[in-house]
1. Taking the alpha-carbon centroid of each part, what is the distance from the stretch 202-255 to the stretch 37-82 in angstrom?
2. Using a 1.4 Å probe on the protein heavy atoms, what percent of the accessible area of the stretch 15-165 belongs to carbon and sulfur?
3. For the stretch 202-273, give the percent of accessible area contributed by carbon and sulfur heavy atoms, probe 1.4 Å, rounded to a whole number.
4. Karplus couplings for the stretch 86-99 from phi (6.51 cos²θ - 1.76 cosθ + 1.60, θ = phi - 60°), rounded to Hz, Gly and Pro as x?
5. From the C-alpha gyration tensor of the stretch 216-290, pull out the three semi-axes of the equivalent ellipsoid (sqrt of 5λ each), sorted largest to smallest, in whole Å.
6. Across the stretch 61-68, in residue order, what do the Karplus-derived ³J(HN,Hα) couplings come to in whole Hz, using 6.51 cos²θ - 1.76 cosθ + 1.60 with θ = phi - 60° and x for Gly and Pro?
7. So how much accessible area does TRP29 have, in Å² to the nearest 10, using a 1.4 Å probe?
8. For SER143, list long-range residues whose amide hydrogen, built 1.01 Å from N in the peptide plane, is under 5 Å from its own amide hydrogen.
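The values are calculated or read from the model by the stated rules, or taken from the named source; none is laboratory data. Keep in mind it's a predicted model, so treat the numbers as computed, not measured. Cβ placement follows ideal geometry from the backbone for every residue including glycine, while neighbour counts extend to all protein chains displayed. These accessible areas exclude ligands, DNA and RNA; they are computed on the full protein's heavy atoms, side chains included. Shrake-Rupley method; radii C 1.70, N 1.55, O 1.52, S 1.80 Å.
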Amino acid sequence: MPIIKTSLAQRIREYLVMTLGVLVFVISWNIFILPNNLVGSGVSGLSSIVYYATNGKINVGYTYFAINVILLLIAIKVLGKQFGGKTVYAIVTASILFRIAPEIIPQDFVQAIAVANGKMISTIIGAGLVGVSIGLTMSVQGSTGGTDIIALIVAKYKNISPGRVVLLIDIIIVTSSFFIPIYNQDGTLMNLTERVATVVYGYIMIVIISFTLDMYLSGTKQSVQVFIFSKKYEELADAITNDLHRGLTVLPGKGWYTKQESNVLLVVTRKADLNMLLKYIKYIDPQAFVSVATVMGVYGQGFDAIKLKAEAKKKEA
C-alpha cells in the first residue's frame, strides 16, 4: 500500500479546480459562443447544432448530458473508476449550469460584451476560455466530457497530444454544421453565406482551443531530473518504485568533505509529479539532500518516443 495516501484536502482542491474549469467552460459558451450562433468543438459543439436546428427548443444541457453519458461509460471501462467519478461530477455540473446559465446571465451584459463586439472577437475569447477550462479539468485527471474524453483515451495508448486528437475530431463536427439547417437568434434560417461563415469561425475556434489546451498542458509534460542524497536510499528507492511507479538509478558516490561513501538516487519524472516525490522524500528522510533540475527532453519508456521521420524516409529511399 502507498505510504502517503491522497488527503481529503487534496481531493477537495481537485474538485474545486474542476468546478472552476466547468464554470469557465459554461460561461464562455453562454456569453461568447451561443449568442453569436457559433459552432464550437466537441459534444458541446454537437449540442449547439441541435440547439440551433431546433430553434432553441432543445437546451444545450440536455443534449450535452445525453451524449456524454455514452462516452462516459466507455471512459470508465478504459480509464478507470476514478476518472469516471470526477468526470461524472463535471458532466452533471456542466449540464445543470448549461440549463440555468441563460436565466442567470443578464442578456444586456451578453449583448454588450459579446454580440456587439462581433463574431471574430467572440470566437477568439470564447475559444481561449474553453481551452483553458478543458486544461484545468485535465490537470486534475478529470474531463469536461466529449472529445477530451476520447483524447485522454488515445493519449493513454499513443504518443499523441490531446490537443491534436481534439482538433481532428472537431473538424468533422464543425464541418457537419454546414449541412444542417440552423436558425439565427431572431428565428430566421441561416442562408448559404452565413453557414459558410459559421464553419470558418468554427475552424478558427477549434484551432484556438487546441493551441490553448496544448499550451496549458505543456507545463505538466515538462520533466525534471532529481538527485537524492540520503542514508535511507533503499527505503526511498522502494517507495519511489512501488508507490510512484517511477524507475530510478542507484549511483555510487563519495562525499569529499566527509570522505564517506554513499549511494545517490537518480530519478527522472514529470514536473507534475515532483511535489508528490518531494513529499515522499520528506516523509522518509527529512534530512535528505535533494537537487532538482529541468531537462530539455526525456525519451524512453514512460516518456516521449524517439521519432526520426527524416532518417526513416532516407532509408525507404
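1. 34
2. Details: 4440 of 6310 Å².
Of all accessible area on the stretch 15-165, carbon and sulfur atoms account for 70 percent.
3. Numbers: 2440 of 4260 Å².
Taking all protein chains in place, the stretch 202-273 shows 57 percent carbon and sulfur surface.
4. Using θ = phi - 60°, the values come out as 5, 6, 4, 4, 5, 5, 5, 4, 5, 4, 5, 5, 4, 6 Hz.
5. Details: eigenvalues 112, 33, 24 Å².
The equivalent ellipsoid of the stretch 216-290 has semi-axes of 24, 13, 11 Å.
6. x, 5, 5, 4, 5, 4, 5, 5
7. 0
8. Residues meeting the amide H criterion: THR87.
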